[in-house]
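The values are calculated or read from the model by the stated rules, or taken from the named source; none is laboratory data. Remember, predicted model here, so these are calculated numbers, not experimental data. Here Cβ is always computed from backbone atoms with ideal geometry, including for glycine, and neighbour counts include all displayed protein chains. Only protein heavy atoms, including side chains, enter the accessible area calculation; ligands, DNA and RNA are left aside. Shrake-Rupley method; radii C 1.70, N 1.55, O 1.52, S 1.80 Å.
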Amino acid sequence: MITVQDLHKSFGDNEVLKGINCEVEEKEVVCVIGPSGSGKSTFLRCLNLLEDITSGDVIVDGYNLKDRTTDINMIRTEVGMVFQQFNLFPHKTVIENVMLAPRKVRKISVQEARERGEALLEKVGLAEKADQYPAQLSGGQQQRVAIARALAMEPKLMLFDEPTSALDPELVGEVLEVMKQLAKEGMTMVVVTHEMGFAREVADRVLFMDEGIIMEENTPEVIFTNPNSERTKNFLNKVL
Amino acid sequence: MFNFSRVIEFLPQLGTGLYYTLLISVVGLLIGFILGAIFGLGRISKNKFYSIISSVYVEVIRGTPVLVQAMWIFFALPIITKYNMDSITAGIVVIAINSGAYIAEIVRGAVDSIDKGQMEAGRSLGLNKHQTMRYIIWPQAFKRMIPPLGNQFIISIKDTSLLSVILVPELMFQGRYIASNHFIALEIYTTVAIFYLVINFSLSLLLRYTERRLKY
């Protein structure tokens, strides 16, 4: 589903990603952990070209993102993204948030978009909030709407950029629950997270990033019980 | 001292003046808004040419007085173009290009103030840049534009009174003509002032109402 080869990314003179190589298979759930500033979010944002790639190759669903002939808008319709700050559209109701992209990009009818939207809100447990505005919702509810909004495009792959980091602790669970459900249904997911419990329980594979490279890549059992690298060990000692 | 009965006989003339003031304001500001949107987006465009042209326009217009702009367009420009504009057209042009520059800054400020996460969220859903601007950024920016736009509309409406110097038969022009020919300066200028006040206060109310309607 995703192949990343020697990905480098610099902001001016500051090289944030220093040669990333990895593969994500279909239906796989990959969690990316690591200290802040290690390049996790930048890496994730390169996967749908929210950050342009300095060098290297990122191949998503068979399309090389660096090719000029690749239609990035088309790729993005297949790659859902959930942000740390939710980024719901504040001037639109919950259901309108979910309906917008399928209507305008997939060009489906209002009727169909509404049915799809209502089903997704039902799925994330927010059917009764359809006609409210994002500002009237709690952070956890907003993030679940954001997940529904991304799913409305029926993506093949979902990217999560620290989806619970901006939430009050008591609201984290409801969002993780929705993500677990999604994983169980076989969605391909790449999740940048600080929720080690989630990574351990849900991930098929965990990537530990530090200083712009993937230091270690392994199953959650190995990473969390018997990591190979000293760095991983140190990091986990601090956060667990 | 006040003798408003004398004003009544000149009401038709003041009415004509009011008509031109409103005509020039409405048409001028409509075009001004379009210019403002074009050059405001130009100021934040990544296209160098577009952004430089937009900056030059804004700086030149903001840096010169309306009165000078009016005189220049009506008296100086025809020397270059060999084409004489009638004063009403010239008046509309002056209001349009003048308000356009200020509105450009209002548009730029409002669009800039929208969190960049909104653009990212739109683009990540597969909307292209144009669609994201249209459905996500612009509606939110527009709401933030209303108070400063209202301000600019009021300023421009008052600026139309300066167009009397290029012989636009607007409210101030009529007032001046009547006052100096019939020696009733106090009554006429008071009436003219009230006319402007009524126009601008109505506009204020309308804008307040619009802003409330756009609440989310």
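Filter the range A:184-216 for residues that are open to solvent by 20 Å² or more (accessible area, probe 1.4 Å) and in a helix (DSSP H, G or I) and give the result.
A:K184, A:G197, A:R200, A:E201, A:V202
Just to be sure, is B:S180 open to solvent by 50 Å² or more (accessible area, probe 1.4 Å), over 16 Å from the mean Cα position of the chain (by Cα) and small (G, A, S)?
Values: open to solvent by 50 Å² or more (accessible area, probe 1.4 Å): yes; over 16 Å from the mean Cα position of the chain (by Cα): yes; small (G, A, S): yes.
So B:S180 fits the description; yes.
Looking at A:K18, is it away from chain B (no Cβ under 14 Å), at negative phi and either in a strand (DSSP E or B) or under 17 Å from the mean Cα position of the chain (by Cα) (or both)? Spell out the reasoning first.
Details: away from chain B (no Cβ under 14 Å): yes; at negative phi: yes; either in a strand (DSSP E or B) or under 17 Å from the mean Cα position of the chain (by Cα) (or both): yes.
It is true that A:K18 is away from chain B (no Cβ under 14 Å), at negative phi and either in a strand (DSSP E or B) or under 17 Å from the mean Cα position of the chain (by Cα) (or both).
Any residue that is surrounded by fewer than 17 Cβ atoms within 10 Å (Cβ to Cβ), over 16 Å from the mean Cα position of the chain (by Cα), free of Cβ contacts under 8 Å to residues at least 40 places away in the same chain and over 24 Å from B:E120 (Cα atoms) - is there at least one of those in the range A:171-181?
To start, the set of residues in the range A:171-181 that are surrounded by fewer than 17 Cβ atoms within 10 Å (Cβ to Cβ) comprises A:173, A:177, A:180-181.
Now narrow it down to the ones that are over 16 Å from the mean Cα position of the chain (by Cα): A:173.
Next cut, free of Cβ contacts under 8 Å to residues at least 40 places away in the same chain only: A:173.
Checking which are over 24 Å from B:E120 (Cα atoms) leaves us with A:173.
So far as the range A:171-181 goes, yes, one or more of its residues are surrounded by fewer than 17 Cβ atoms within 10 Å (Cβ to Cβ), over 16 Å from the mean Cα position of the chain (by Cα), free of Cβ contacts under 8 Å to residues at least 40 places away in the same chain and over 24 Å from B:E120 (Cα atoms).
Residue check, B:S124 against (1) more than 10 Å from chain A (Cβ to nearest Cβ); (2) in contact with a helix residue (DSSP H, G or I) (Cβ under 8 Å, 6 or more places away or on another chain); (3) of a type in the set (S, T, Y), all met but one. Which one?
(1)
Can you tell me which of B:L206, B:L163 is more than 14 Å from chain A (Cβ to nearest Cβ), hydrophobic (A, V, I, L, M, F, W, C) and open to solvent by 40 Å² or more (accessible area, probe 1.4 Å)? Before the answer, list the steps.
On the way: B:L163 fails: open to solvent by 40 Å² or more (accessible area, probe 1.4 Å).
Sole residue among the options that is more than 14 Å from chain A (Cβ to nearest Cβ), hydrophobic (A, V, I, L, M, F, W, C) and open to solvent by 40 Å² or more (accessible area, probe 1.4 Å): B:L206.
Among helices (runs of 4 or more DSSP H) lying entirely in the range B:103-160, which contain 3 or more residues that are of a type in the set (A, V, I, L, M) and touching a residue at least 12 places away in the same chain (Cβ under 8 Å)?
Values: elements: B:116-124, B:129-132, B:138-159.
Qualifying helices (runs of 4 or more DSSP H): B:138-159.
Counting residues that are more than 9 Å from chain B (Cβ to nearest Cβ) and under 24 Å from A:Q181 (Cα atoms), which helices (runs of 4 or more DSSP H) fully inside the range A:28-138 reach at least 1? Steps first, answer last, please.
Details: elements: A:40-46, A:72-78, A:94-104, A:110-123.
Answer list for the range A:28-138: A:40-46, A:94-104, A:110-123.
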